[in-house]
Amino acid sequence: MTAALDPQRTLRELKELRALTSDENGAQRVAFTTRWAKARDWLREKLEELLLEIHRDEAGNVWATLAGESDRALVIGGHIDSVPNGGWLDGSLNLLAGLEILRRINTRYNGKPPVSVRLVDWADEEGARFGMSLFGSSACSGHINLAEAGRLQDKDGMALIDALAEHGIDFERLRDSGRELQNAEAYIELHIEQGPVLLDLDLPLGAVLGTFGVERHVITFRGQAAHSGSTPMKRRRDAFLVAAKMSPESYRIANHHGGVCTIGTCSTLPGIATSVVAECRITLDQRHLDADALAKMLEEARHSSERFAKEGDVSVSWERLMRIEPIPFDSELVGLCEEAIRETCGAAHRMPSGPLHDAAEVARVGIPTVMMFVQSLHGISHNKIEDTREEHIEAAVIAFDKLAQKVMQRMV
Ligand SMILES: [Zn+2]
């Protein structure tokens, strides 16, 4: 039998799903709603044509398995849920490309590939209704915060626990879904980029290095209020001046380490035109793919704030608002991903992911993981104008299939 991959079928199926679950404002497949369940039924029918073993785990993730000669599994992931008024590709491209790859592998190996290949539709990646992103994958990885999840309600006051029960999911057993990853030896995920990097480089596809870590702090400088006319410049303890001096320094630090940083807010007290600023608060958000580099960025920014504060005779204090660990993907799989892209389009780009994805949850439990990004037109997502050129979608299916084949061969 010839094994034919048909990327145009993926395009047709994406449009079919759009027609079934979108309205004039975009995709309406919010998790734990009837339209989401309808989308899942539609996908299940397609999977059933392949005679796969299909079941839903304790967290509501759906797993379709093409059993191979070995139980060791290559897992391909995506999510059929969307945000309200969402785009047609976010999450569903991953699943429908994965479905096409399952068809190709099924034909090529006569229903019995050397290793098992599994497609997972993660439940509620977006967290659109209850505010908890990566619900199904974090339940599966065991990192879900159950205390927090147990308190969540939607805007109508319905508890997440009750919405889960409506869909046959027992809150007490969520983490039992972790057993699904027992035989997983590799995880791959295709996703639209949702940003402008590939568009600006004029490249269709990129190999994702991992997801950014985040350090977010509020920094408060305290000096002294004083009359703007009667206070000589050399007598001032100007909190704003110190914050202002620190700002370009923190950008220089981020540049030096190859990360990014943003001073997103700045407020002053007393906040009137005729007083030297007594108190200035800024927020500093720093991001990097490498934990050590991120720690250095933080340490150097802290030192610079102390140095400028001393020079300006003001005090400075730092308070952490949030911290997320960087999650690097598997370097060997990143290499295979780059190879698959080069073979398909000639040029590849290695890039970090700003947003978190289900893949990060899988990588956190130590399963070798990689993602492939396909260019987003307008660099926009979570919006009905989200789009990708059809030839890029086809190239993505081809390159992602090559990646799947390379990973399988490495597992044998
Ligand atoms: Zn997504």
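Key figures for this structure:
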| item | result |
| --- | --- |
| Single match in 214, 197, 208 (criterion: within 25 Å of residue 330 (Cα to Cα) and within 16 Å of the ligand (Cβ to nearest atom)) | 208 |
| Selection status of residue 319, in a strand (DSSP E or B), open to solvent by 40 Å² or more (accessible area, probe 1.4 Å) and not hydroxyl-bearing (Ser, Thr, Tyr) | yes |
| Sole residue being within 24 Å of the chain's Cα centre (by Cα), aliphatic (A, V, I, L, M) and within 16 Å of the ligand (Cβ to nearest atom), chosen from 298, 356 | 356 |
| Among (1) assigned to a helix (DSSP H, G or I); (2) surrounded by fewer than 17 Cβ atoms within 10 Å (Cβ to Cβ), the one test that residue 305 misses | (2) |
| Extreme residue, farthest from residue 159 (Cα to Cα), among residues of the stretch 125-144 that are within 12 Å of the ligand (Cβ to nearest atom) and within 13 Å of the chain's Cα centre (by Cα) | 137 |
| Residue satisfying all of: in the stretch 51-78; out of contact with any strand residue (DSSP E or B) (no Cβ under 7 Å at 6 or more places or on another chain) and either among the hydrophobic types (A, V, I, L, M, F, W, C) or surrounded by fewer than 19 Cβ atoms within 10 Å (Cβ to Cβ) (or both); nearest to residue 117 (Cα to Cα) among these | 69 |
| Criterion: within 16 Å of the ligand (Cβ to nearest atom), open to solvent by 20 Å² or more (accessible area, probe 1.4 Å) and of a type in the set (S, T, N, Q) - qualifying residue of 94, 85 | 85 |
| Single unsatisfied condition, residue 348 versus (1) closer than 25 Å to residue 134 by Cα; (2) modelled with pLDDT under 95; (3) among the aliphatic types (A, V, I, L, M); (4) more than 16 Å from the ligand (Cβ to nearest atom) | (1) |
| Selection count, the stretch 162-192, where residues are in contact with a helix residue (DSSP H, G or I) (Cβ under 8 Å, 6 or more places away or on another chain) and either within 16 Å of the ligand (Cβ to nearest atom) or open to solvent by 60 Å² or more (accessible area, probe 1.4 Å) (or both) | 10 |
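The values are calculated or read from the model by the stated rules, or taken from the named source; none is laboratory data. Just so you know, these numbers come straight off a predicted model, no measurement behind them. All Cβ positions, even for glycine, are placed from backbone atoms using ideal geometry, and neighbour counts span all protein chains on display. All accessible areas refer to the heavy atoms of the entire protein, side chains included, with ligands and DNA or RNA removed. Shrake-Rupley method; radii C 1.70, N 1.55, O 1.52, S 1.80 Å.
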